[in-house]
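To keep things clear, I will list the structure first and then write my remarks on it.
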Amino acid sequence: MNRLFQLCLVVAGLAGVAVVVGISRHNAALWQPAAVLAAVGLALGLKAVPALRSYQYTAWIIVAVVAGMVYPGTFKQWGGVDLRNKWLILVVVQLVMFGMGIQMSIRDFSGLASTGKGVLIGLLCHFSVMPLMGLLLTKVFHFEPEIAAGIILIGSCSSGLASNVMVYLARASMVLSVVITAMATLAAPFLTPLLLKLLAGTLIEVKFVSMMMEIIKIVLVPIMAALLHDYLKTASAQGRRVVGLLAGAGVLWLAALPLGLWALLEHSFSSPEALQVLEIFSFLLAAVVVGVLYHQVAKKLPTIDEVMPYLSMFGIIYFTAVTTAAGHDNLLRVGLLLFLASVLHNAAGYFFGYWLSRLFGLDVNSARTVAFEVGLQNGGMASGLAGSMGKLGTVGLPAAVFSPWMNISGSILANYWRKRPAPQPDAAPQPLYSSMALQDK
């Protein structure tokens, strides 16, 4: 099998040569398929190089970017299906978030008591450094309004599963990482639209309540379904009965909606806000139903929990390709500047996340954890919100550029720190400004 992957590297190299030849001869029929083949060959071939295996997922995201740029029409519509349809994007992003939730546990929140200071510092850094740095970058690079809003949006989202993976690779504090991710996710429905309204309200129209509802649908609903599955693993008989009754009521409610119940609700409640609340109520009932059904499937197929992260990865690759295709023309115009902005944005998150944590007295391992939690954003959430606005090719574009780069930089930083274990913290760590003994070595 290893020889097969080595052969893929050879194919990638030959395809790379074909790309150079095709571009030099202005032969699109040669270089375009060769570019996709080179990217796919590299993504498969990295498995043959032990030191580079951790970059395979990032390589597949690059495949999505290359394919979306080379064949944009293919990733905009398949047959009569619009791949940019907001409901399709919503379902895919919910799948990604559900896969993220499967890796979480209700027990993770128990770490809040022992990591309270680190969590507070992590959340403050996360929801201040990245949004403000995003705003600064829009002032420096003078992007058009919707792309500028997208930069602020990716900076205002919560952290995602990528931060937990990088913290694990770096051998930093997994408990702190998971709790910060969980708390940032819970805070996102309020803080993300608030920050976007304050920092990007002059760039695009930001409907605070509508965006808050979208984030609940995109993030909290699928994670709630996943945590319900976790709860049912150890629930008492009475707890399972209560959940079963809720699921049964949910099935009846959801079945009645297309049969005239929703039309009746629209007639009875003229207020858009009331209908939004009813819509969220329906989504939450759906989360209960999905959580129960998934739990039943998982009992018969225990390996399904191991498969879900791969489905999440597929979802991220999917909307990366679709977003790239939708923003093809914009990327040709500002792609290089947008990439540079993403590099600076991501680096600022690592830098300020680490050093602000040290300034406030966190030990080196905790500071490394916060650096990842600040620098790595939830690109799926940003893409889902951009899709719900119908602005996937503009507002969603920075997320499509930021996400591949953050995985590359995060992997590099994680491996660097993994080879340089943090010194053990003192029993009572002092702030950086009062003690040089805690310097990272």
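I'm told LEU432 meets every condition in (1) over 25 Å from ILE152 (Cα atoms); (2) modelled with pLDDT of 85 or more; (3) touching a helix residue (DSSP H, G or I) at 6+ places or on another chain (Cβ under 7 Å) except one. Can you identify the failing condition by its number?
Failed condition: (2).
Using beta carbons and a limit of 8 Å, which pairs, at least six apart or on different chains, have the first residue in segment 323-339 and more than 17 Å from VAL140 (Cβ to Cβ) and the second one surrounded by fewer than 20 Cβ atoms within 10 Å (Cβ to Cβ) and among the polar types (S, T, N, Q)?
ALA325/THR74
Considering only residues that are over 20 Å from the mean Cα position of the chain (by Cα) and either of a type in the set (A, V, I, L, M) or assigned to a helix (DSSP H, G or I) (or both), which ones fall in segment 178-216?
Answer for segment 178-216, where residues must be over 20 Å from the mean Cα position of the chain (by Cα) and either of a type in the set (A, V, I, L, M) or assigned to a helix (DSSP H, G or I) (or both): LYS197, LEU198, LEU199, ALA200, LEU203, ILE204, VAL206, PHE208, VAL209, SER210.
Counting only residues that are open to solvent by less than 70 Å² (accessible area, probe 1.4 Å) and in contact (Cβ under 8 Å) with a residue 24 or more places away in the chain, give me the helices (runs of 4 or more DSSP H) lying completely in segment 217-319 with at least 2 of them.
Result: 221-234, 237-256, 272-300.
Give VAL10, VAL36 a once-over and let me know the one that is of a type in the set (Val, Ile, Thr), assigned to a helix (DSSP H, G or I) and within 14 Å of MET69 (Cα to Cα).
Numbers: VAL10 fails: within 14 Å of MET69 (Cα to Cα).
Selected residue: VAL36, the only one of VAL10, VAL36 that is of a type in the set (Val, Ile, Thr), assigned to a helix (DSSP H, G or I) and within 14 Å of MET69 (Cα to Cα).
Among the listed residues GLY375, GLY379, GLY387, which satisfies the condition of being open to solvent by less than 10 Å² (accessible area, probe 1.4 Å), at pLDDT 85 or above and not polar (S, T, N, Q)?
Within the list GLY375, GLY379, GLY387, the selection yields GLY375.
Output the residue which, of all residues in segment 363-378 that are of a type outside the set (Asp, Glu) and in contact with a Pro (Cβ under 9 Å, 6 or more places away or on another chain), is nearest to LEU123 (Cα to Cα).
SER366
Just to be sure I understand the filter: pairs with C-beta atoms under 8 Å, separated by 6 or more residues or on different chains, first member in segment 57-85 and touching a residue at least 60 places away in the same chain (Cβ under 8 Å) and open to solvent by less than 30 Å² (accessible area, probe 1.4 Å), second member of a type in the set (D, E, K, R) and assigned to a loop (DSSP other than H, G, I, E, B). Which pairs pass?
Close Cβ pairs satisfying both conditions: LEU83/LYS76.
Could you grab me the full set of residues in segment 170-211 that are among the hydroxyl-bearing types (Ser, Thr, Tyr), touching a residue at least 60 places away in the same chain (Cβ under 8 Å) and either open to solvent by 10 Å² or more (accessible area, probe 1.4 Å) or more than 25 Å from LEU227 (Cβ to Cβ) (or both)?
SER173, SER210
The values are calculated or read from the model by the stated rules, or taken from the named source; none is laboratory data. These numbers come from a predicted model, not from an experiment. Here the Cβ is made from the backbone with ideal geometry for all residues, glycine too, and neighbour counts use every protein chain on show. Note: accessible area is taken over every heavy atom of the protein model, side chains too, but ligands, DNA and RNA are not part of it. Shrake-Rupley method; radii C 1.70, N 1.55, O 1.52, S 1.80 Å.
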